[in-house]
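Structure first, then comments.
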Amino acid sequence: MKKIFSIFIFILLLTTNIAIAQEEQLPDPGILPDSPLYGLKKAAEAVGTFFTFGQEKKAERMLQLAEKRLAEAEAVGKEGKKTAADKAIKGYQKAIENAQIHARNAERKAEVLEKVALATSKHLSVLDKIKDKVPEQVKEAITKAKEASMNEQKKALRALSEDKPEKAAEINIKAAKDRLKRAKEKAEAGESDDVEEALEEYEEMTELSKELAEKDAEAAEDIADDFNEQLLELDEIEDTAPEEVKEKVKEKKSSSLEKQRDSLRSLAKDKPEKAVEIHLKAAEARLNRAKEKADENEIEEVEDEIEEFDKLANFGNEISQIAQGLGKDTTTVDQLVARATTRHLEVLAEVYEKVPEQAKAAILSVIERAMEKSVKGRETAVEALKKKDALGDISEEVPKYVSDKIPEKIKEKIGIKGKSETVGKPKEVAAPAAVPEKATKTPTKKTPEATTKEVAAPEIIPEETTETPTGTLLMQMTDAPPELNITKALVTISDVEVHLAEADEEENATTEAGWFTVVEEAKTFDLIAIEDVKEFLGTAELSVGKYTQIRLNINEALVTINGTEYDLTIPSKTVKLVKAFNIEPNETTTLTLDFDAQESIHSAGKDKYIMRPTIKVIQE
């Protein structure tokens, strides 16, 4: 009797210290699967489970045990113990399946399913980290665990969507963005296989997004709106990914755009105006990217983005037809489409103009097709508005300021008349958006400490020296007048670098090409406050030669719109400007960076704003 009692006490001790890990930390694994005592540990857990009452408590118990199995898999996996890792992963799969079963039968079903969905989402991130640590022979087991976790998460979210569709959509959006974060990290590390795996997982989650959007209008709005942000992330992944996976990224972008349209079709049944607004942001983003790639002379990428835009060109009219078929007023939708298609024609003309002459023939057909669809979309919207006598300030024909930008041969092909009234001509668009680039650590040259003052910069008088001749670079900032209701746009620039491409061989025989720091001190600028005013950014003496790029590293950005302050996202927190300038001996070169707040700041969803800076570099 004494022996039995002591074993029972030992079992109870083994069942303690099990708790759901906070964030992405795992509990202490305790006895591992390759230990002779592991069977005793499992028996103790079974006793603990037996004395756990109620479906909700049992579901929570299974989630605790699932995390215990993950901790075991990590511990034995790092040592390359494949058999033991397989045993732990099988235990994880069983525990997470049981958690799902108990959750479905719980009295507070929705709340418990939410816990399961959140836990499995966290498990995926944990499994990513485990996979990165374990040797090759254990990775297959970890991949199986990830598949099991995703399957149970999808089951939980589908069940949760019956009662809480918005919450299910929110959790799935977060999980999808976590997969993109993983893909981005692996793209930057050059790990192609892991990029592909993360993108495939992302694809599965977007498939579920499409399902969830069909259940509820609010969920559809959140899903469709967030797709715009996800597509910008995919753009960044494409730019940094190894060549062998770039096509895979493009494939996922195209697929995401199609799923976004499916979500918008669901949304259009209840909120057609919101559906068309989100759609037009997606179309604009593709055109903006085409412009960026034209600036970089990446003609194939320009063609790809125009082709993606081409698929979107007439979707606004489809939204109008969906709403009209349900008896809804489509006046606002048609007005949005008419104005947007006018802008699309203008941007397409700008893209064509930027492409080098020798490459224009290669993209002529895709430009013509996209313009033709935009013209037809505009005509459809205008005709609908004419019938309602709701044209307002929208001209019947394509405005002259737009048609003048389109080459005659294209106008003839797509049927644009050469004249019409210029109604409500918008502000001239500044230079194309600067292309964000991942910041890298580079060798820098020590520079004198910069001082800040408004309007005029101090006169720079180079000291007499017997050293290698240098010239002076002075940098200022200003802002074009904004049209949005933005009252403040604070941007903190941590440092500014310029790239020496070609040193003057006679003057600088020993100077190597590379990046040199102009400003090292962090400075904050209000782009609205410095409208039409030049504010001193910094100055430095640089080696004589030809410089081709400027790089601004940005710490933080905030924007105030209609009196409310929001975080302003800047992809990669780095802005690269391609601008050639020369530094001459004993001369001062002044560059003014002219930010255009109107063209730079865009909505990326509900209370989310992104800055893709549009900057003109003016040499004085």
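The values are calculated or read from the model by the stated rules, or taken from the named source; none is laboratory data. Fair warning: this is a prediction, and the values are worked out from it, not measured in the lab. Every residue, glycine as well, gets a Cβ built from its backbone with ideal geometry; the counts of neighbours run over all protein chains shown. Note: areas computed on protein heavy atoms with side chains; ligands, DNA, RNA excluded. Shrake-Rupley method; radii C 1.70, N 1.55, O 1.52, S 1.80 Å.
Structural remarks
- Region 310-391, accessible surface, carbon-and-sulfur percent (1.4 angstrom probe): 48
- Whole-Hz ³J(HN,Hα) from phi, Karplus 6.51 cos²θ - 1.76 cosθ + 1.60, for region 219-224, glycine and proline x: 5, 4, 5, 4, 5, 5
- In terms of its C-alpha gyration tensor, region 99-140 has a prolate overall shape, because the principal axis ratio a/c (a ≥ b ≥ c, square roots of the eigenvalues) is not below 1.5 and a/b outweighs b/c.
- Spin-label pair GLU556-THR332: with each label point 7 Å from Cα along the Cα-Cβ axis, the two points sit 3.6 nm from one another.
- Added length on full extension, which subtracts the Cα-Cα distance from 0.36 nm per residue, GLU147 to THR487: 117.6 nm
- Value of relative contact order over region 116-231, rounded to a whole percent, pairs C-alpha under 8 Å and six or more apart: 25
- Within the shell of other residues whose beta carbon sits under 13 angstrom from the beta carbon of GLU207, the net charge comes to -2, with Lys and Arg scored +1 and Asp and Glu -1.
- Integer Hz, Karplus 6.51/-1.76/1.60 couplings in order for region 544-549, x for Gly and Pro: 5, x, 9, 10, 10, 9
- Peptides 130-142, 171-183, 40-52 ordered by packing proxy, namely the average of other Cβ atoms within 10 Å per residue, highest first: 171-183, 130-142, 40-52.
- Cα-based convex hull volume of region 171-270 per residue, rounded to whole Å³: 67
- In this entry, region 224-283 is assigned a mean projected area of 3.7 nm², taken as a quarter of its C-alpha convex hull surface.
- Prolate/oblate/rounded label for region 154-210 (Cα gyration tensor, a/c 1.5): prolate
- Amide H to amide H distances under 5 Å link THR590 with LEU474, GLU620, where only residues 5 or more positions off or on other chains count and H is placed in the peptide plane.
- For region 191-311, the solvent-accessible area works out to 33 Å² per residue, with a probe of 1.4 Å and every protein chain left in place.
- Among residues other than ILE306 with Cβ under 9 Å from its Cβ, the summed charge is -4 (Lys and Arg +1, Asp and Glu -1).
- Extending 7 Å from the Cα toward the beta-carbon at both ASP567 and GLU188 defines two label points whose distance is 1.5 nm.
- Two-site FRET efficiency, THR524 against ASN586, from Cβ-Cβ distance with R₀ of 41 Å, rounded to 0.05: 0.80
- Take the Cα radius of gyration of region 251-300 and divide it by 2.2 N^0.38 Å, N being the number of residues; the result is 1.38.
- Just the protein heavy atoms count here, and of the accessible area of region 60-152 at 1.4 Å, carbon and sulfur take up 46 percent.
- Cα extents for region 127-178 along the principal axes, largest to smallest and rounded to whole angstrom: 42, 18, 10.
- The distance from the alpha carbon centre of region 353-401 to that of region 58-127 is 54 Å, rounded to a whole number.
- Radius of gyration and Dmax over the Cα atoms of region 311-377, both given in Å: 14.7, 50
- For region 193-202, putting each phi into the Karplus relation 6.51 cos²θ - 1.76 cosθ + 1.60 with θ = phi - 60° gives couplings of 4, 6, 4, 4, 4, 5, 5, 5, 5, 4 Hz, in residue order, rounded to whole numbers and with x for Gly and Pro.
- Long-range amide H partners of ALA106 with built H, under 5 Å: none
- FRET efficiency, 1/(1 + (r/R0)^6) with R0 45 Å, evaluated for GLU243 and ALA46 via beta carbons: 0.30
- The C-alpha radius of gyration of region 230-332, expressed as a fraction of 2.2 N^0.38 Å, stands at 1.19.
- A Förster radius of 35 Å, combined with the Cβ-Cβ distance separating LYS174 from LYS311, puts the computed FRET efficiency at roughly 0.80.
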